[in-house]
Amino acid sequence: MFDIQLPIIITHAALLTVALFTGILVYLHDNKSATNKVFTALVLSIVLWDVANFLSFSFIDPYHALIGIKFVMMSASLLTICILFFACVFPKKDLFLTKRKKIFIAVASVLFIVSGYFVWGDIDMDATLQSGVPVPLPYEIVFMEHATFPVMPIWGFFSIVSLLSAIIVLVSRYKRSQGEDKKRYMSVILGLATTFFLLPVFLFLPVALFQNVDFNYYGPLAYVPLFWGAGYGILRHHIFNVKMMMVEVLVFIGLLVLFINLFI
């Protein structure tokens, strides 16, 4: 049922380690801050995306692989929403929304997340086998031929617009900021912009242009700059205590070692 390769495990473990480590640091410093709460949601969304992405590559059976990819798209929708929301909230400690805005955000988010499931249509393996495509095959290439229109272009359009909007919001605030605030915004901007640049390099262009899925294995690494940049910006904003941070680092390492030992 599974065909798990070491490079895939290392890549996903690296992303989860960076995301969870940064998320724990941020949450422990101020779990009541609106920015920190949204960042925590961002961490949870990347965990969901990473697990779904890992399973989509690990399943040998094409039907399970397709289900895995459908959930990759749904979690990617949630991740995109969290990134945009984080850009709008950072670095506020309090966030007040009217009931109408909350309903609008909730409905729009649910629709966008659900649409991710329908980006890919069902795959007819009998027809695929009759077409002469070898098995095992790179299922992502076959799925590219089963993209659901107009869901795929609409989903892709809103994903790109959301990420660009997040960058635009941060840049506009960066221009109005002064002193240390500029450094905080710049940290988040560089992290998000680097992630935005690496995503198509790892996940889209090789498949779309060359039908090569090898780079997809390393796609999770594209999100590492985002967490480094955002985490640093948050911690710098709160002027974190170095001694406290070192204690938290040691606690996290201890828990990580314990967790690894449980599965070895």
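The values are calculated or read from the model by the stated rules, or taken from the named source; none is laboratory data. Keep in mind that what you see is a predicted model, and the values were worked out from it rather than measured. Cβ: placed from backbone, ideal geometry, glycine included. Neighbour counts: every protein chain shown.
Just need a number here: residues in segment 167-211 that are small (Gly, Ala, Ser) and closer than 19 Å to Tyr223 by Cβ.
Kept after step one, since they are small (Gly, Ala, Ser), are these residues of segment 167-211: 172, 177, 179, 187, 191, 193, 208.
Still in the list and also closer than 19 Å to Tyr223 by Cβ: 187, 191, 193.
Looking only at that region, the number is 3.
Return the residues of segment 1-32 that are in contact with a His (Cβ under 8 Å, 6 or more places away or on another chain) and either modelled with pLDDT of 80 or more or under 21 Å from Ile234 (Cα atoms) (or both); say none if nothing qualifies. So that I can check it myself, show each step before the final result.
First, the residues of segment 1-32 that are in contact with a His (Cβ under 8 Å, 6 or more places away or on another chain): 1, 29-30.
If the condition is that a residue be in contact with a His (Cβ under 8 Å, 6 or more places away or on another chain) and either modelled with pLDDT of 80 or more or under 21 Å from Ile234 (Cα atoms) (or both), then His29, Asp30 are the ones that fit.
Suppose we filter segment 30-64 for residues that are more than 14 Å from Ile8 (Cα to Cα) and without any contact (Cβ under 8 Å) to a residue 24 or more places away in the chain; how many remain?
4
Might you let me know whether segment 57-69 holds any residue that is modelled with pLDDT of 80 or more and either under 13 Å from the mean Cα position of the chain (by Cα) or under 27 Å from Leu235 (Cα atoms) (or both)?
no
Please count how many residues of segment 90-110 are in a helix (DSSP H, G or I) and either charged (D, E, K, R) or under 18 Å from the mean Cα position of the chain (by Cα) (or both). Steps first, answer last, please.
Of segment 90-110, the ones in a helix (DSSP H, G or I) are 99-110.
Narrowing further to those that are either charged (D, E, K, R) or under 18 Å from the mean Cα position of the chain (by Cα) (or both): 99-102, 109-110.
Selection size over segment 90-110: 6.
Using the structure shown, decide if Leu199 is surrounded by 18 or more Cβ atoms within 10 Å (Cβ to Cβ) and over 20 Å from Gly231 (Cα atoms).
no
For the structure I just gave you, tell me whether Leu235 is at pLDDT below 85 and either part of a loop (DSSP other than H, G, I, E, B) or over 18 Å from Ile46 (Cα atoms) (or both).
Details: at pLDDT below 85: yes; either part of a loop (DSSP other than H, G, I, E, B) or over 18 Å from Ile46 (Cα atoms) (or both): yes.
For Leu235, the condition - at pLDDT below 85 and either part of a loop (DSSP other than H, G, I, E, B) or over 18 Å from Ile46 (Cα atoms) (or both) - is met.
A quick yes/no check of all residues on (1) farther than 25 Å from Ile189 by Cβ; (2) modelled with pLDDT under 90; (3) touching a strand residue (DSSP E or B) at 6+ places or on another chain (Cβ under 8 Å):
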site: Ala41; (1), (2), (3): no, no, no
site: Ala52; (1), (2), (3): yes, yes, no
site: Phe71; (1), (2), (3): yes, yes, no
site: Ser77; (1), (2), (3): no, no, no
site: Val89; (1), (2), (3): no, no, no
site: Lys92; (1), (2), (3): no, yes, no
site: Thr98; (1), (2), (3): yes, yes, no
